[in-house]
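Chemist: Here's a structure for you.
The values are calculated or read from the model by the stated rules, or taken from the named source; none is laboratory data. In this text, all values refer to a predicted model and were calculated from it rather than measured experimentally. Counting neighbours? That spans all protein chains shown, and the Cβs are built from the backbone with ideal geometry, glycine included. Ligands, DNA and RNA are excluded from the accessible area calculation, which covers all protein heavy atoms including side chains. Shrake-Rupley method; radii C 1.70, N 1.55, O 1.52, S 1.80 Å.
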Amino acid sequence: MRIHTAWGFLPHHTTNTVAVGTARASLELRAGQSIASKWVIWAVCAVTVFVLPADLPLWVRLCWALPVMGMAEVNWRVCTHVMDGLAQASTQGLRVRQIWLWWMTAINQALMGSTVWWFGYSGDLTLAAVGTSLQLIYLSAAMINAATHPTTFVSGAWINLSLAILYWATHSLVSIPLVLALAGMGLVLSRLSVQMAHSFEESIGMRYENQRLLAKLEEEKQVATEATRFKSQFLSNISHEIRTPISAITSMSYLVLKSELTAKQRKYVEMIDQCSLHLRKLINQVLDLSKMDAGMLQLEHREFRLSQALDNVLTMNEDAATAKDIALSLHVKPGTPERLLGDELRLTEVLLNFVSNAIKFTEQGSVRLEIALVEQTTERVQLKFSVQDTGIGIEPEHFDALFKSFSQADSSTSRKYGGTGLGLAIAKTLAEMMGGEVGVQSEPRVGSVFWCTAWFGRPETVAADLDNEPIPLDIPIWPRLAQPDAPDPAIPQALSAALPRPNDDSPEALLGHRLAWLSANDDPAAVDLIATYAAELKNRLGGSFERIQTALRQYDLPKAYRLLEAMGYTDPATLAPTQKTAGDLASSILVVDDTPTNLALMFDLLKDEYQVRVASNGERALAIASGSNPPDLILLDVMMPGMDGFATLTQLQANPASAHIPVVFLTAKNQIEDEEKGLRLGALDYITKPVNPPIVLRRVRTQLMLKKAHDFLQDKANNL
């Protein structure tokens with residue numbers, strides 16, 4: 001039968017880890033205290049020998065003291081042997097050590113129990129009482145180990161007390177109360193030992209369990225660290241492998257664009273170039289993030305001009321701001337130093353993330369980059385960089401998620417504006433590596449201010465400028481940028497009074513009207529038209545050409561039409577007679593997708609057989625479907641900003657003007673539950689991306705044939 005460790009020795013081959021841990025801890029405590037008590041016992045014995053009354057012969061004192069002192073020496077040797085290898089001892093080794101200590105304690109207590117017999121051998125009850133007192137003192141000292149192993153303590157205590165009880169019971173009838181007191185003391189000590197042992201075992205168990213949990217946690221942490229390191233190394237390696245072909249694609253597409261191409265070929269190559277640039281940017285972000293996770297990213301520490309870094313940031317974002325008519329400005333507060341020591345490349349990367357994000361999320365207004373000196377010492381300075389925009393703003397509850405990897409303000413943000421959510425996470429890490437921090441203040445529909453701080457060193461010597469004159473550190477010099485107090489540049493006007501009249505019957509005017517008509521009818525042929533006649537339309541439309549071209553490349557045809565309408569290009573009578581209209585083709589298809597590349601692909605795939613119209617969001621699709629010229633079929637994406645495909649289909653089904661239009665989902669969501677949901681809502685088919693062109697054409701043709709058959713039967717029923 002298995003014996004609990006609180007009352008007996010450790011069982012053979014036990015698998016109870018708590019019991020083993022308790023036994024090991026109790027042995028360590030008991031042996032350690034016995035080793036430490038050797039000199040205390042020797043000192044007590046020596047003092048006792050000299051302070052006892054002269055009535056007790058010296059030979060009696062020595063016969064008692066010397067064995068006790070020898071006992072202390074034996075205890076020291078036994079306990080030293082117990083401690084040797086205790087941490088690595090097996091279950092059997094622990095059990096053997098417990099037995100050693102039990103025998104040692106029994107002998108010790110028997111030897112101490114003889115004290116009353118030595119001191120009271122002549123019948124002197126006073127000396128006998130002194131001996132009993134020494135026994136009880138020793139027994140009280142042994143109470144320290146009472147909780148570690150009750151069997152050992154209780155056995156030794158009763159051996160000690162039994163010898164004292166036997167002496168008093170046989171030498172004096174008046175000592176019966178003392179005998180009873182000693183017996184009662186033994187019972188109390190026995191029970192107290194058990195209670196202490198339970199508490200000790202529970203505390204050891206809790207400690208051992210905590211250690212086990214900590215060890216498990218450390219093991220899991222190590223596994224997670226290794227997994228993170230492996231992931232980072234894998235991402236780093238695979239990113240480098242991907243960057244090589246992407247660089248080749250980008251370079252070759254650039255060279256191809258410089259050669260003679262047809263308008264269609266140029267459009268295709270431009271799409272390849274745009275997608276490869278986007279993919280390269282994403283890979284660079286993933287590579288940077290993997291380096292940061294693996295601790296492989298190191299900052300440089302060399303001198304640079306702050307003005308040059310800011311110039312690079314504004315230059316790289318100038319085209320994007322111009323395309324959206326956003327005023328991009330710089331404000332440098334007085335006292336900002338020009339020469340710094342630090343990593344110019346990483347600072348530029350942080351500011352590029354802030355400024356490009358501000359432009360991306362701003363439809364109109366301005367983006368302002370501001371730099372200020374926060375703190376300075378003789379060796380370094382702290383600067384604060386703030387980017388203020390007049391964009392969509394952010395709800396306060398989304399602030400915490402902004403600077404986390406793969407996170408954006410909400411799930412629709414990445415669909416509408418693009419991006420992976422890595423930019424701000426990388427910016428935060430880089431700012432912290434430069435000894436600073438990041439933050440944001442924002443108000444929805446008003447704008448945001450993203451800021452970061454960073455510490456930079458100050459050069460020991462300031463290099464001379466072009467005239468070899470030293471430049472003071474506390475005087476900002478911006479050779480090619482706006483001065484600190486310069487006002488924001490005015491937003492370019494959409495029209496120019498010097499442009500030709502839109503109704504001068506010139507071929508260029510007809511092109512402008514044709515472009516407006518195609519845009520008004522959501523016809524993606526407008527994209528091909530502006531690519532084919534880019535030179536003529538650029539001369540005709542002046543400064544508005546870039547904005548119109550950007551809107552068309554993003555397949556935002558309503559915006560392009562509004563810009564053209566503001567310039568007066570709206571007259572359908574000026575259409576060239578050779579151009580096809582919506583009625584020239586038997587069937588019209590509306591493609592709804594928020595990705596320009598997908599819209600371009602579907603347009604080129606379907607345009608030879610059908611009249612194709614496009615919408616970049618669900619709201620525009622609803623307007624087209626319920627208009628005067630509804631499509632015969634709708635190809636609908638699911639993942640779109642704002643109103644997704646499922647919500648769009650629900651609205652289409654609820655409107656009598658569009659409920660009869662067949663809808664086919666064309667989406668990258670390939671889960672079975674998504675397909676079931678789409679079909680349950682009323683879609684007639686569900687096609688997943690990447691698409692197989694022949695299959696798409698066949699399934700579109702099948703749905704249109706069914707639509708025609710349905711319309712024919714409906715017309716015949718109405719006639720009947």
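Chemist: Pull out the extension gain between Arg207 and Val188, defined as 0.36 nm times the separation in residues minus the alpha carbon to alpha carbon distance; nm, one decimal.
Modeler: 4.0 nm
Chemist: How many Å² of accessible area per residue for region 29-82, probe 1.4 Å?
Modeler: Using a 1.4 Å probe on heavy atoms only, each residue of region 29-82 averages 53 Å².
Chemist: Here is a follow-up. At 1.4 Å probe size, put Thr315, Thr595 in order of accessible surface, largest to smallest.
Modeler: Order by accessible area, largest first: Thr315, Thr595.
Chemist: With Rg and the Kirkwood Rh both taken from Cα atoms, where does Rg over Rh land for region 77-118?
Modeler: 1.17
Chemist: Please report the orientation-averaged projected area of region 49-112, defined via the convex hull of its C-alpha atoms, in nm².
Modeler: Hull-based average projected area comes out at 5.0 nm².
Chemist: Which percent of the accessible area of region 678-720 is formed by carbon and sulfur heavy atoms (probe 1.4 angstrom)?
Modeler: Summing carbon and sulfur atoms, their accessible area is 61 percent of the total for region 678-720.
Chemist: May I ask you to work out the translational diffusion coefficient for region 617-720 at 37 °C, viscosity 0.692 mPa s, via Stokes-Einstein with Rh from the Kirkwood sum over Cα pairs, reported in whole µm²/s?
Modeler: Value of D from the Cα-based Kirkwood radius: 228 µm²/s.
Chemist: Roughly speaking, what is the centre-to-centre gap between region 110-124 and region 326-346 when only Cα atoms are used, to the nearest Å?
Modeler: 94 Å
Chemist: Something else: Please compute the modelled spin-label separation between Glu28 and Leu713, points set 7 Å along Cα→Cβ, answer in nm with one decimal.
Modeler: Taking the two extended label points, one gets 8.5 nm.
Chemist: Next question. For a 30 Å ceiling on Cα separation, which of these pairs sit above it: Lys360/Lys677; Lys677/Lys708; Lys221/Lys281; Lys428/Lys669; Lys333/Lys428; Lys559/Lys708?
Modeler: Check vs 30 Å cut-off fails for Lys360/Lys677; Lys221/Lys281; Lys428/Lys669; Lys559/Lys708.
Chemist: Across every pair of different alpha-carbon atoms, what Kirkwood hydrodynamic radius in Å does region 1-131 reach?
Modeler: Taking every pair of different Cα atoms in region 1-131, averaging 1/r and inverting gives 16.6 Å.
Chemist: What does the extension gain come out to for His278 and Asn539, with contour length at 0.36 nm per residue minus their alpha carbon separation?
Modeler: So the extension gain works out to 91.0 nm.
Chemist: Could you give the length gained on full extension between Thr378 and Leu62, defined as 0.36 nm per residue of separation minus the Cα-Cα distance, in nm?
Modeler: Working it through step by step, the gained length comes to 105.8 nm.
Chemist: Where does region 294-384 land on Rg(C-alpha)/(2.2 N^0.38 Å)?
Modeler: Scaled against compact globular proteins, the figure is 1.19.
Chemist: OK, next. Tell me, what ³J(HN,Hα) does each residue in region 661-667 have, in order and in whole Hz, if you take phi through Karplus 6.51 cos²θ - 1.76 cosθ + 1.60 with θ = phi - 60° and put x for Gly and Pro?
Modeler: 7, x, 10, 10, 6, 10, 8
Chemist: Moving on to the next point. For Asn670 and Met705, what does the FRET efficiency come to when R0 = 22 Å and r is the distance between their Cβ atoms, rounded to the nearest 0.05?
Modeler: It comes to 0.25.
Chemist: I need the phi-derived Karplus couplings for region 161-167: 6.51 cos²θ - 1.76 cosθ + 1.60, θ = phi - 60°, integer Hz, Gly and Pro marked x.
Modeler: Once rounded to whole Hz, the list reads 5, 5, 5, 5, 4, 4, 5.
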